[in-house]
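What follows is one structure encoded as structure tokens, with my remarks underneath.
The values are calculated or read from the model by the stated rules, or taken from the named source; none is laboratory data. This is a predicted model, so every value here is computed, not measured. Please note: Cβ atoms are built from the backbone with ideal geometry, for glycine as well, and neighbour counts cover all protein chains shown. Side chains are part of the model used for accessible areas, which takes the heavy atoms of the whole protein and leaves out ligands, DNA and RNA. Shrake-Rupley method; radii C 1.70, N 1.55, O 1.52, S 1.80 Å.
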Amino acid sequence: MIISPSVLSANFADLKTDIKKIEEGGASWLHYDVMDGHFVPNISFGYSILSDVRKVTDLFLDVHLMISDPNKYLDDFIKAGADLITFHYESYDNLDQIKTVITKIKDQGIKAGISIKPNTSVEAIRPLLSDLDLVLVMSVEPGFGGQSFMLNAVDKIKILRNWIDQDKIQCLIEVDGGINEETGKQCQAAGADVLVAGSYIFKHENTKKAIESLK
Ligand code: DX5
Ligand code: ZN
């Protein structure tokens, strides 16, 4: 299991210390939540902080764009050091626009992912699976850390696992929102490859133990 701690719940006045803690705790990815106050009702951080993060870590930078027009900012996030850019299915009106953005990301040599909100069905993204490196199933409404896990994510993971295995597609399944030891196990059993966890990891008194409990 790949663990991707979400720095949305880190201490931004001492971010370097928190990044070292997750590195020492055995995480291999870092989840970076970008919110624009428009696609979601919250504002987080942009690409300039990502380039500072890139300077202090070799962790795989898993960028989750919760913004209205991701295409507009792709180059900035890629230049800042993203290893994977995941954007939302709901950011665009049609699959052609989405495919253009996926191609643009992959053409620059990094990985591309699509995320679906809790009310979006997995069927919507089935035609995109073979183009994707990752699908991100949201298990909370995007926008805030610390919310409770929504159970419908488990069924979505199971369906995706079946499709991906049947068609022998190279696409990881990631789940994000309300992940802790218990919900993480449910997602693992359903077939998830990557667990994102923010508040569970950063509010735990022992970062290493928190990460190990999810693996
Ligand atoms: C929510 C973000 C998540 C968030 C998860 O919109 O996409 O990555 O940080 O936080 P927890 O793990 O606290 O639910
Ligand atoms: Zn996220």
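Worth a mention:
- For the range 42-88, the solvent-accessible area with a 1.4 angstrom probe is 40 square angstrom per residue.
- Summing Cβ point charges (Lys, Arg +1; Asp, Glu -1) relative to the Cα centre of the range 2-212 gives a dipole of roughly 200 debye.
- Solvent-free Debye scattering, log10 I(q)/I(0), computed from the Cα coordinates of the range 120-197 at q = 0.19, 0.21, 0.22, 0.26 Å⁻¹: -0.73, -0.88, -0.96, -1.27
- Förster radius 22 Å - calculated FRET efficiency between Thr103 and Ser68 (Cβ-Cβ, nearest 0.05): 0.65
- Each semi-axis of the equivalent ellipsoid for the range 69-148 is √(5λ) with λ an eigenvalue of the Cα gyration tensor; in descending order they amount to 20, 16, 11 Å.
- Cα-based Rg and Dmax for the chain, where Dmax is the largest Cα-Cα distance (Å): 15.8, 46
- Residue pairs, from the table Lys79/Lys209; Lys21/Lys111; Lys117/Lys203; Lys72/Lys104, whose Cα atoms sit over 23 Å apart: Lys79/Lys209; Lys21/Lys111; Lys117/Lys203
- Cross-link partners of Lys16 among aspartates and glutamates (Cα-Cα below 13 Å; sequence separation of 8 or more within a chain): Glu24, Asp52, Asp58
- Projected onto its three principal axes, the C-alpha set of the range 1-128 covers 42, 31, 30 Å, listed from the longest axis down.
- Charged neighbours of Phe39, selected by a Cβ distance under 11 Å, balance to -2 (K, R count +1; D, E count -1).
- Length available on full extension from Lys16 to Thr57: 0.36 nm per residue minus the Cα-Cα distance, which gives 13.9 nm.
- If you plug the beta carbon distance of Ser28 and Asn119 into 1/(1 + (r/R0)^6) with R0 = 35 Å, you get a FRET efficiency near 0.70.
- Couplings 3J(HN,Hα) for the range 203-215, derived from phi with the Karplus relation 6.51 cos²θ - 1.76 cosθ + 1.60 (θ = phi - 60°), are 9, 6, 5, 10, 4, 4, 4, 4, 5, 4, 5, 9, 6 Hz, where x marks Gly and Pro.
- Dipole of the chain computed with +1 at Lys/Arg Cβ and -1 at Asp/Glu Cβ about the Cα centre; of Gly145, Thr103, Leu214, farthest Cα towards the positive end is Leu214.
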